[in-house]
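Reviewing the structure listed below.
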Amino acid sequence: MRLTDNPEWLRALRFLSAVAAIALSGAGKARAADVTLGIIGPHEYDLPVDFKPFNVLVQYGDGNAAGSSYNSLGQRHAEGGSHTWAGMTKYVHFRSFDAIPHVGFAFELIQTESYSLANGTDSGGLGPTITGPAAWFKPNKHSTFGIQTFLQTNSGTREGLSPGYWSNISSFIFDYEWKHFSFDGDAGTVAGGGKRNQKGGHSYSPGVVFYTNLRFSWKATKLVEPFFAFDWQNVKGTYDRTISQYLDNSNSREVALGGGIMFNISKHFSFTTRYSHSVEGRNIPESNAYYVKFVYLW
């Protein structure tokens, strides 16, 4: 039997977008449309166990037209925004082990691409590379629970796309399926290493990022599945280790709400689209973002 004949493989593929926004959310330097894991859609963690190994290659895209920003008091101003576009090319190897029954594993290798337009300048290129494993089990046939942890490199092809430090992105993942509804999401942190601004300059530690992403969907038909999205992120301030104090207004927070539709076009192909907008923030450009995801199984 081919993989395409088994609907469980399609559920596994939904997991492939689970880290699509990781590289866009540098610890301590979160930007609009960069809520960590903000790309995830319905059934993201509705994953199978006890399956044969397989490989997948996926391409993602998202954009943000942020005309405004939030100041340190949480007030929204029509300035400080930017336009960003991002892509992600990802290879994932899924497998399970006979010696560890009823547990699924995945290993991911992700390359990010980014382009931004702000303040009369524009830049683009390849961002950091992300790699790491995920593991999960099913407490019952309707639910999934697991953990994922990834390492993000410290550089890209341009200075503006280089975080300047290595970071770890880890989170708990969950999913629960009813007959007509689905609820899944994640909660985790991003922790980065130290960064020296320049030779002979101050040494900095990026702020720890805390985030959660929740998705609630209605299984309207076999083809169409509308869903509601909630994304939250809080970034602790950047710490100047040279003078032992936090930088002013370097912390940030954002809450974004949105809605979208997942189209299960066939057992070989699905398409998900979503719009999301900030409803609250601090020291951050607003999110006015759209997301798309294409999944093809062969």
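Readers should treat all values here as calculations from the given coordinates under stated rules, not as data from a laboratory. Fair warning: this is a prediction, and the values are worked out from it, not measured in the lab. Because the Cβ atoms are built from the backbone with ideal geometry, glycine has one as well, and the counts that use them run over all protein chains shown.
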Quick shape check on the range 187-298: root eigenvalues a ≥ b ≥ c of the Cα gyration tensor, a/c under 1.5 is rounded, otherwise prolate if a/b tops b/c, else oblate, and it reads prolate
When ASP98, ASP175, ASP240 are arranged by how many other beta-carbons sit within 10 Å of their Cβ, fewest first, they go ASP98, ASP240, ASP175
Taking every other residue with Cβ under 12 Å from the Cβ of ILE169 and scoring Lys and Arg +1, Asp and Glu -1, one gets -2
How high is the FRET efficiency from ILE265 to THR153, r the C-beta distance, R0 25 Å, rounded to 0.05?
0.10
Using a 10 Å cut-off around each Cβ, can you sort ASP186, ASP46, ASP248 from fewest to most neighbouring Cβ atoms?
ASP248, ASP46, ASP186
Just grab the label-to-label distance for LEU214 and TRP85, each label 7 Å out from Cα along the Cβ direction, in nm (one decimal).
3.4 nm
Going 7 Å from the Cα of VAL255 in the Cα-to-Cβ direction, what parts of the range 217-238 have a backbone nitrogen less than 20 Å from that spot?
217, 228-237
Taking other Cβ within 10 Å of each residue's Cβ, how do TRP166, TRP136, TRP178 sort, fewest first?
TRP178, TRP166, TRP136
